[in-house]
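Engineer: Quick one: structure below, then a few questions.
The values are calculated or read from the model by the stated rules, or taken from the named source; none is laboratory data. Predicted, not measured: the structure shown is a model, and the values here were computed from it. No Cβ is skipped: glycine too gets one built from the backbone with ideal geometry, and neighbour counts run over all protein chains shown. Only protein heavy atoms, including side chains, enter the accessible area calculation; ligands, DNA and RNA are left aside. Shrake-Rupley method; radii C 1.70, N 1.55, O 1.52, S 1.80 Å.
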Amino acid sequence: AQRVTQPEKLLSVFKGAPVELKCNYSYSGSPELFWYVQYSRQRLQLLLRHISRESIKGFTADLNKGETSFHLKKPFAQEEDSAMYYCALMHSAQKLVFGQGTRLTINP
Amino acid sequence: SAVISQKPSRDICQRGTSLTIQCQVDSQVTMMFWYRQQPGQSLTLIATANQGSEATYESGFVIDKFPISRPNLTFSTLTVSNMSPEDSSIYLCSVKGLAVDEQYFGPGTRLTVT
């Protein structure tokens, strides 16, 4: 069965410090992985997807099939990065399986 | 991107009653989904709302408890039936965008059952 694990419920870093939000997955097929973000009082929105290999708002995520990981990274955190982050895996028929989420707080 | 609205945004209901949540999209979409987010938990897919046919439910969710309608390509409803406090959650509608792997989410409906 497919599963997404985000081991950290809470993560707090100082502004300007590097950030890494961990995500591990379990899936027998070829995974499609995403990071979604929910800022305070806003709806859930797509941050980035592994297939695009893009950098959004300074965030990147690399799919490591050997370690079954898709960690989200940013070299220099900003206060506006404070939000709830969800890692998600898409399996059959466009269905998403979400991790538990990590609440990221950037301290000034 | 698709703009999604949900009604109501929140409600407080008594146990044993039912609530119907509406999801409206500003453009025609092929796929619509309903998710639940229980307090302190992640999002869990309830069902895929199919236009013109019965919804496809995920394991642990049944039509009698969560009947879904999708009369056209821009609208869907989810009913939470015979509610109990365990149904207190945020219910979210999502739609598949034009890109094959893109999904957009509504603002959610916060339901509290007393």
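Engineer: Compute the accessible area per residue over chain B, keeping the other protein chains in place, probe 1.4 Å, unit Å².
Structural biologist: 47 Å²
Engineer: Let me ask you something else. How much area per residue is accessible in the stretch A:3-107 when the probe is 1.4 Å and only protein heavy atoms are counted (Å²)?
Structural biologist: That works out to 51 Å² per residue.
Engineer: Also, I was wondering about something else. Taking a 22 Å limit on the Cα-Cα distance, which of the listed pairs A:K57/A:K95; A:K9/B:K96; B:K7/B:K96; A:K22/A:K57 fall beyond it?
Structural biologist: Details: A:K57/A:K95 26 Å; A:K9/B:K96 28 Å; B:K7/B:K96 20 Å; A:K22/A:K57 18 Å.
A:K57/A:K95; A:K9/B:K96, as the Cα separations exceed 22 Å there.
Engineer: Expressed in nm to one decimal, what extension gain is obtained for the pair B:Q38 and B:S84 from 0.36 nm per residue of sequence separation less their Cα-Cα distance?
Structural biologist: 15.3 nm
Engineer: Could I ask something else about it? In what order, largest first, do A:K74, B:K65 sit by accessible area if the probe radius is 1.4 Å?
Structural biologist: Accessible-area ranking of A:K74, B:K65, largest first: B:K65, A:K74.
Engineer: Using a 1.4 Å probe over the heavy atoms of the protein chains, calculate the carbon and sulfur portion of the accessible area of chain B as a whole percent.
Structural biologist: Numbers: 2670 of 5360 Å².
Looking at chain B in its full context, I get 50 percent from C and S.
Engineer: Given q = 0.21, 0.29, 0.30 Å⁻¹, what are the Debye log10 I(q)/I(0) values for the stretch A:30-86, with equal point scatterers placed on the Cα positions and solvent ignored?
Structural biologist: For the requested q values the scattering log ratios are -0.82, -1.30, -1.34.
Engineer: From the C-alpha coordinates alone, can you work out the Kirkwood hydrodynamic radius of the stretch B:16-97, in Å?
Structural biologist: 12.9 Å
Engineer: Still on this structure, please answer the following. Please compute how much accessible surface disappears when B pairs with A, both sides summed, using a 1.4 Å probe, and round it to the nearest 100 Å².
Structural biologist: 1700 Å²
Engineer: Over the Cα atoms of the stretch A:3-107, compute the convex hull volume and normalise it per residue, giving Å³.
Structural biologist: 93 Å³
Engineer: According to a simple spin-label model (label point 7 Å from Cα along Cα-to-Cβ), what is the distance in nm between B:T112 and A:Q42?
Structural biologist: Between A:Q42 and B:T112, the simple spin-label model gives 2.6 nm.
Engineer: Quote the convex hull volume per residue of the protein assembly as shown, based on C-alpha atoms, as a whole number of Å³.
Structural biologist: 121 Å³
Engineer: What distance in nm lies between label points placed 7 Å from Cα along the C-beta direction at B:T20 and A:K15?
Structural biologist: For the pair B:T20/A:K15, the computed spacing is 5.0 nm.
Engineer: Something else: Per residue of A:90-98, how many C-beta atoms from partner chains lie within 10 Å of its own C-beta, taken as a mean?
Structural biologist: 5
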